[in-house]
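**Student:** Pasting in a structure now, in structure tokens, and then I'll have a few things to ask.
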Amino acid sequence: MSELKLCGVIFCALSLIVVFKSFKAEYSLFIRIAMTIGVTIATLLIIQPVLSYVESLTSNLTINKYIPYLLKALGIAFIVQITADCCNDVGEGTLAERVCLFGKIQIVVISLPLIDALLSLTKDVIK
Amino acid sequence: MKKCILFLFFIIASIFCLCFICFGNDIHKDIASSVDGELSNFMDSLPNDISSLFPTDPLNSNNIINEKSIIDYIISYIFSGVDNVARSFVSIFTLIIVTCALSSICNSLSNSALNNAFKLCSTLCFSITIFHSCVGLAELTSAYIKTLCRVMNAFLPLMSTMGIMSGAISSTTTNCAISVLAITLVEGFLVVCLMPLVKSCLTISMVKPIGGCNLSGISKTIKTAFTSVSVFVMSILFFLLSAKNVLAQGNDSLSIKTARFAISSFVPIVGASINDALRTVSSSLGVIKSTCGIIAIIAIALLMVPIIIHLLLYKLSFGFLGSVCKALNCSSEGEILEEADSLCGFMLVLVACTCVMFIFALTIFINTAVGVA
């Protein structure tokens, strides 16, 4: 999907949101969520060849095992941010904060194998 | 009558000199064969690629150094070193670019905590990669120092045999004692402390990017303290080696000159001839000593080539990658690379000091005046 089409769709959605906000505010929320998910999917479709390129670039290198961790962490960060922003739009700040906390913990949990690998390299110092 | 006696004396002296000229070479071969066992033990202690650069029988060979083979050896290690370092360089460079690209995407997040969580993940990935490289280098350095100590241990019996044969008993004893002390200190202190030191410094350098606490001063202090202690100990060993050797040489020279005077004065008729025979033996020993010493110095210098090339190339690559990180505004990765660069320089200093110390000991051994001056 080209950027012009995407921008056109977003402007249409914005117009609908503004129209529906005045008499059916809940419909504007659904349109907002639907557009957010749609733009996210469009972004993922665009980014897919980039991810494949990065994978092919690093396939023969020793760092190949670390790239999935980075990409997962980035993915979690973005999904959590989008969810938090939707919560904030609705006025649920507390829920947004809890979602962010969940995202941070999830990223730390993903990083646990890396922490374990680093500690195993340094443990001889403690011995 | 007098003329007849003089003429007879000159004929006998000429025959005597001719005998030395004819049998001098045999004396050299006899002495060379008596140190063959120790020399072959020393050559066996060298790695195969270095021992193949010397002739099979170096003491009886005209040319102990083949310059072309040595240059080929150095060039081959440069190429293999560049190959290894290039792989590591490409991996780390790719990781830097990917991390920077993903970080710049992550920077668009409004929530800074998520940004920091991602930065933690990327710093951990980067730290592990650099840690592996530096620990590999430290293991290589330890292995080199152990090989160097093994080679010096194998050379000591040869050194002591030749020293005692030449009559330089005091200086040989001093030289061997201090060499044994140096080898023990290097093996017991440098090798044991190197790996923990490298890991500690790297771990400390990772604290700031991950935890935010700057402990780089502690890392610098540890390295400075270790370098100061090593340099101090090596200076003491250098001083002991040179000062004690000078005194011991004087001692040996006095003893041998006294013995020579006694032989030439109190042994009737053949005293002077025995004196001259001793000179021939000692000259031959001097040649063998110099040959063995030069072989040992060349072997130690060649042993140093692979590790120096590796450390230099890694230092260059870490320095360049650190500059790239600063240019791309990846400060945490840049700090870890700076620490790795500093550790490479530290290991280079250790390797160079150890090598110079042992080459100095061997030079003292070669220059020790032959017992019969």
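The values are calculated or read from the model by the stated rules, or taken from the named source; none is laboratory data. These figures come from a predicted structure and were not determined experimentally. All Cβ positions, glycine included, derive from the backbone under ideal geometry; neighbour counts span all protein chains shown.
**Student:** State whether one or more residues within the stretch A:28-42 are surrounded by fewer than 17 Cβ atoms within 10 Å (Cβ to Cβ) and facing chain B (nearest Cβ under 9 Å).
**Tutor:** No, that holds for no residue.
**Student:** Out of the residues in the stretch B:137-151 that are free of Cβ contacts under 8 Å to residues at least 60 places away in the same chain and of a type outside the set (A, V, I, L, M), which is farthest from the other protein chains (Cβ to nearest Cβ)? It would help to see each step written out before you state the result.
**Tutor:** To start, the set of residues in the stretch B:137-151 that are free of Cβ contacts under 8 Å to residues at least 60 places away in the same chain comprises B:139, B:142-143, B:146, B:149.
Next, from what is left, pick out any that are of a type outside the set (A, V, I, L, M): B:139, B:142, B:146, B:149.
On the way: B:139: 12, B:142: 13, B:146: 17, B:149: 22 Å.
In this case the residue turns out to be B:149.
**Student:** A further question follows. What's the number of the only condition in (1) at pLDDT below 85; (2) under 22 Å from residue A:121 (Cα atoms) that residue B:131 fails to meet?
**Tutor:** Evaluating residue B:131 over (1) at pLDDT below 85; (2) under 22 Å from residue A:121 (Cα atoms) leaves (1) as the failure.
**Student:** Any idea which residue in the stretch A:83-95 is nearest to residue B:127 (Cα to Cα), counting only those that are more than 10 Å from chain B (Cβ to nearest Cβ) and free of Cβ contacts under 8 Å to residues at least 60 places away in the same chain? Spell out the reasoning first.
**Tutor:** Filtering the stretch A:83-95 down to residues more than 10 Å from chain B (Cβ to nearest Cβ) leaves A:83, A:86-87, A:89-95.
Add one more test, that the residue is free of Cβ contacts under 8 Å to residues at least 60 places away in the same chain, and what stays is A:83, A:86-87, A:91-95.
On the way: A:83: 31, A:86: 35, A:87: 36, A:91: 40, A:92: 38, A:93: 36, A:94: 35, A:95: 34 Å.
For the stretch A:83-95, the residue satisfying everything is A:83.
**Student:** In this structure, does residue B:203 turn out to be within 14 Å of another protein chain (Cβ to nearest Cβ), hydroxyl-bearing (Ser, Thr, Tyr) and either in contact with a Ser or Thr (Cβ under 9 Å, 6 or more places away or on another chain) or at negative phi (or both)?
**Tutor:** On the way: within 14 Å of another protein chain (Cβ to nearest Cβ): yes; hydroxyl-bearing (Ser, Thr, Tyr): yes; either in contact with a Ser or Thr (Cβ under 9 Å, 6 or more places away or on another chain) or at negative phi (or both): yes.
Criteria met by residue B:203.
**Student:** Cβ contacts < 6 Å: first residue more than 8 Å from every other protein chain (Cβ to nearest Cβ), restricted to the stretch B:92-111; second residue at pLDDT 80 or above and assigned to a loop (DSSP other than H, G, I, E, B), any location; separation 6+ or different chain. Result?
**Tutor:** Taking only residues 6 or more apart or on different chains, the pairs are B:100/B:328; B:100/B:330.
**Student:** If residue B:207 meets every condition in (1) surrounded by fewer than 16 Cβ atoms within 10 Å (Cβ to Cβ); (2) at pLDDT 85 or above; (3) closer than 30 Å to residue B:338 by Cα apart from one, which number is that one?
**Tutor:** Residue B:207 satisfies every listed condition except (2).
**Student:** Also, I was wondering about something else. Determine whether the stretch A:65-81 contains at least one residue that is within 30 Å of residue A:26 (Cβ to Cβ), touching a Phe, Trp or Tyr at 6+ places or on another chain (Cβ under 6 Å), within 10 Å of chain B (Cβ to nearest Cβ) and surrounded by 14 or more Cβ atoms within 10 Å (Cβ to Cβ).
**Tutor:** We begin by selecting, within the stretch A:65-81, every residue within 30 Å of residue A:26 (Cβ to Cβ); these are A:75-81.
From the residues that got through so far, the ones that are touching a Phe, Trp or Tyr at 6+ places or on another chain (Cβ under 6 Å) too are A:77.
Pick out the ones that are also within 10 Å of chain B (Cβ to nearest Cβ) and you get A:77.
Remaining after also requiring surrounded by 14 or more Cβ atoms within 10 Å (Cβ to Cβ): A:77.
Checked against the condition, which is being within 30 Å of residue A:26 (Cβ to Cβ), touching a Phe, Trp or Tyr at 6+ places or on another chain (Cβ under 6 Å), within 10 Å of chain B (Cβ to nearest Cβ) and surrounded by 14 or more Cβ atoms within 10 Å (Cβ to Cβ), the stretch A:65-81 yields at least one hit.
**Student:** Might you check whether a residue that is in contact with a Cys (Cβ under 6 Å, 6 or more places away or on another chain) and more than 16 Å from residue B:350 (Cα to Cα) occurs anywhere in the stretch B:193-201?
**Tutor:** no
**Student:** Restricting the stretch B:53-72 to residues that are closer than 19 Å to residue B:307 by Cβ and surrounded by 12 or more Cβ atoms within 10 Å (Cβ to Cβ), which is modelled with the highest pLDDT?
**Tutor:** Step one: list which residues in the stretch B:53-72 are closer than 19 Å to residue B:307 by Cβ, which gives B:53, B:70-72.
Those still in the list that are surrounded by 12 or more Cβ atoms within 10 Å (Cβ to Cβ) too: B:53, B:70, B:72.
Working: B:53: 78, B:70: 82, B:72: 85.
Step by step, filter the stretch B:53-72, then rank; the result is B:72.
**Student:** A follow-up question, please. Please go through the stretch B:219-244 and pick out each residue that is out of contact with any Asp or Glu (no Cβ under 9 Å at 6 or more places or on another chain), farther than 25 Å from residue B:358 by Cα and surrounded by 13 or more Cβ atoms within 10 Å (Cβ to Cβ).
**Tutor:** Filtering the stretch B:219-244 for residues out of contact with any Asp or Glu (no Cβ under 9 Å at 6 or more places or on another chain) gives B:220-244.
Pick out the ones that are also farther than 25 Å from residue B:358 by Cα and you get B:220-222.
Listed by number, the residues that qualify are B:220, B:222.
**Student:** Somewhere in the stretch B:129-136, is a residue within 7 Å of chain A (Cβ to nearest Cβ), polar (S, T, N, Q) and over 27 Å from the mean Cα position of the chain (by Cα)? Reasoning before the result, please.
**Tutor:** So in the stretch B:129-136, the residues within 7 Å of chain A (Cβ to nearest Cβ) come out as B:129, B:131, B:135.
From what's left, polar (S, T, N, Q): B:129.
If we keep only those that are over 27 Å from the mean Cα position of the chain (by Cα) as well, we get B:129.
Yes, the stretch B:129-136 has at least one match.
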